[in-house]
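Below is one structure; the comments refer to it alone.
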Amino acid sequence: MHSLTHIESSRLLLRPFTMEDCEAVLSYQSDPVVVRYVPWPVRDATMVETAIAKALHQTTLERQGDFISWALVQQSDGRLVGQMNAMYVSEVNRCGEIGYVVSPNFAGQGFATEASWALVSALFGTQRFRRIIATLDDRNVASRMVVEKLGFRREAHFIGNELFKGEWINTLVYATTIDEWEALADNRV
């Protein structure tokens, strides 16, 4: 069984947040463009501190509804570049969900794709999950590109299905199963 405490990729480390991360997190969570497609509002310093304090206590994915948020940092210099999130969606169906946010200062460098690959591999490695999904606003082209690069399948495109931040949006659902993921991993160089 794989640990979800620290997850590494070639350039990145997913680690638990600390209160020292507040300033770096505030730099992107206070940006309206960054939070447009994520399920929280533009945050001020107090809101970021509250969110990180809560994340300190969310450290396992053992039961349905459990949620973990990791700091996404560069291994080379320890700089925080964003965050990775995972939720235990269904125990019966052994389904998890991933999400990610990368600071605009680090966008376009493949960090979300690399970290997502490491996270999905770690989630499947726990043997708790047989399916991982990503649900996103269909206007979020960058996020769509990440899941497609990962090899996730597009399973659904819901039209006007969710009232999100005051407007009706269309959502896309992407997924992969452990068998599909292992086949992709075998072909990945």
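The values are calculated or read from the model by the stated rules, or taken from the named source; none is laboratory data. Keep in mind that what you see is a predicted model, and the values were worked out from it rather than measured. Because the Cβ atoms are built from the backbone with ideal geometry, glycine has one as well, and the counts that use them run over all protein chains shown.
Annotations
- Entry remark, region 38-65: residues being of a type in the set (Ser, Thr, Tyr) and modelled with pLDDT of 95 or more number 2 in total.
- Verdict on PHE164 being surrounded by 13 or more Cβ atoms within 10 Å (Cβ to Cβ) and more than 15 Å from the chain's Cα centre (by Cα): yes
- Unique match (being at pLDDT 95 or above, among the charged types (D, E, K, R) and closer than 22 Å to LEU172 by Cβ) among GLU97, GLU23: GLU97
- Residue that is nearest to ALA107 (Cα to Cα) [pool: residues in region 6-26 that are exposed (fewer than 13 other Cβ atoms within 10 Å of the Cβ) and charged (D, E, K, R)]: GLU23
- Scanning region 89-97 turns up no residue that is surrounded by 19 or more Cβ atoms within 10 Å (Cβ to Cβ), of a type outside the set (A, V, I, L, M, F, W, C) and in contact with a Lys or Arg (Cβ under 6 Å, 6 or more places away or on another chain).
- Restricting region 29-46 to residues that are touching a Leu at 6+ places or on another chain (Cβ under 9 Å) and not in a loop (DSSP other than H, G, I, E, B), the residue that is surrounded by the fewest Cβ atoms within 10 Å (Cβ to Cβ): ALA45
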